[in-house]
Each structure stands twice: as C-alpha cells, then as structure tokens.
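Below is one structure, written out as structure tokens; comments come after it.
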C-alpha cells in the first residue's frame with residue numbers, strides 16, 4: 001500500500017491528511033540466493049526511484065561492484081559554527097568561586113532541524129539533508145541544500161593532513177564513505193558532508209529570509225553545543241516528544257562515547 005500525505009500549518013501545529021493511492025506499491029519483493037546454501041529467499045524492500053543506477057543486484061552480478069558503481073542518492077549535512085557561550089563562575093573544591101565574573105567563550109555548535117515527517121506522524125530532529133541532482137557532486141548538493149533549507153551559506157570544512165586517510169582522501173574532493181541507511185530494507189544511501197558556517201558573515205545575518213523551501217516544507221533550525229548533543233537528544237525525545245533521526249542519534253552516541261572514553265577532549 002502507498003499513501004499520499006497532505007499537510008498544512010495551523011498556527012504552530014501541523015496537521016496531516018492521508019489518502020491511500022492505488023496501483024502504487026511501496027514494497028518490492030525479490031528473490032536472491034542466500035549464502036551459504038544458495039536457497040532462494042524472498043525479501044521485502046523499498047527502492048528510491050531517483051537512484052541513478054539499479055541497485056538491487058542480480059545473483060550473477062560481479063562482486064567488484066563497489067562505491068564507485070553504487071553511488072549515494074542523498075547527502076546529510078553536518079553543519080558546525082562557533083558560537084559564544086557564557087560560562088558560570090567556576091567553583092573550587094571548598095565551594096569558593098575561582099572567578100567572580102561569568103566567562104564568555106566560543107564553542108562549536110551543530111545545526112539541527114525540526115521537521116514534521118508524515119510516515120511517523122511526529123516532528124523529527126534531523127540534520128539538513130537532500131537528494132543529489134543528476135550530475136551534481138555531493139559537496140555541491142550539500143551547499144545547495146543547506147542554503148535552500150536553512151538560508152545559511154557555508155564552506156566545505158577542509159580535511160586535516162594529520163592522518164594518512166584524510167591526506168589521501170581530502171574532504172573537499174572525497175565525500176566520505178557511502179552510508180546505507182537501512183540496508184535490510186531499503187537501498188537508500190547517503191554521504192555525510194561537513195560544512196562550516198560563519199555566523200559573522202553578512203550573508204548569514206538573516207537566514208530565514210534566504211530560505212527556498214517548497215510549499216509543503218516546514219523547517220525550524222536549532223543550534224546545539226556539540227558537547228551537549230547526547231543529553232539534548234535525550235531531553236528532546238523524553239521530555240518534549242520529538243523523534244530523533246538516526247543520523248543525529250548516531251552522531252550523539254559518538255560524542256557521548258568519546259566523552260566516556262576520554263577521547264579528543266570530549
């Protein structure tokens with residue numbers, strides 16, 4: 001069964017109406033030998049129609065098909081900006097203040113979006129994202145989608161030269177590994193592109209006026225300190241009822257793991 005979602009904004013709330021469409025299946029069943037017995041199995045899968053090449057590989061397809069031939073159809077955008085944060089006076093072990101004034105410092109923040117998603121009937125916390133146009137590089141797509149969805153103008157974060165991997169595959173030309181979002185069910189795949197936004201840039205002073213949203217898109221931006229991403233996800237889900245996109249949740253788990261393991265000063 002496939003359904004069509006039509007939603008409209010009423011004040012601060014979104015309402016959705018659902019219409020069932022006929023003759024438009026959203027599931028594709030196919031058989032494939034299952035190693036090691038080669039016994040055919042029937043799978044259920046959803047395939048993105050905009051994907052540039054066939055991705056449901058036949059049983060006799062060569063195993064040499066790699067990321068060069070199985071490309072991503074979308075990008076997820078990790079947007080970072082340095083923002084000023086006022087720190088409270090620190091305390092000594094005896095409870096005395098080590099400084100009398102609040103200290104202002106800059107901390108990296110990540111850009112998140114609040115967007116209503118009809119399939120789950122909830123507002124979801126996401127990173128900016130979008131589909132790659134034909135002939136468009138993931139990096140170009142990321143810059144375009146960022147501008148359209150949020151109004152912000154950014155630049156690709158250059159890769160550090162401190163490791164062999166980033167020196168061989170620099171971020172400005174290599175979009176990173178292809179991430180398959182749910183390979184047990186769908187062929188959709190994405191690249192995660194890192195972008196820096198300079199909030200002092202005159203082009204970013206009034207981002208809402210620069211958005212180029214489609215008529216049925218309703219997106220709200222939210223800046224969160226990177227170091228607080230995990231606890232913010234917990235709060236947004238448990239206390240405020242938002243759904244957490246898997247990419248945001250994975251990033252948050254990585255930040256929390258780095259903190260617990262004492263990696264990178266997290």
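No value in this document is a laboratory result; all are computed from the given coordinates. None of these values were measured; they are calculated from a predicted model. Positions of Cβ are generated from backbone atoms using ideal geometry, with glycine treated the same way; all protein chains shown enter the neighbour counts.
A few notes on this one:
- Extents of region 173-247, taken as max minus min of Cα coordinates on every principal axis and listed largest first, are 44, 39, 32 Å.
- Residue order, fewest to most beta carbons within 10 Å, for 127, 193: 127, 193
- Fewest-first sequence of 124, 233 by Cβ atoms within 10 Å of each Cβ: 124, 233
- Once the chain from residue 155 to residue 212 is taken as fully extended at 0.36 nm per residue, the excess over their C-alpha distance is 18.7 nm.
- In this simple spin-label model, placing a label point 7 Å from the Cα along the Cα-to-Cβ direction at both residue 105 and residue 83 gives a separation of 1.7 nm.
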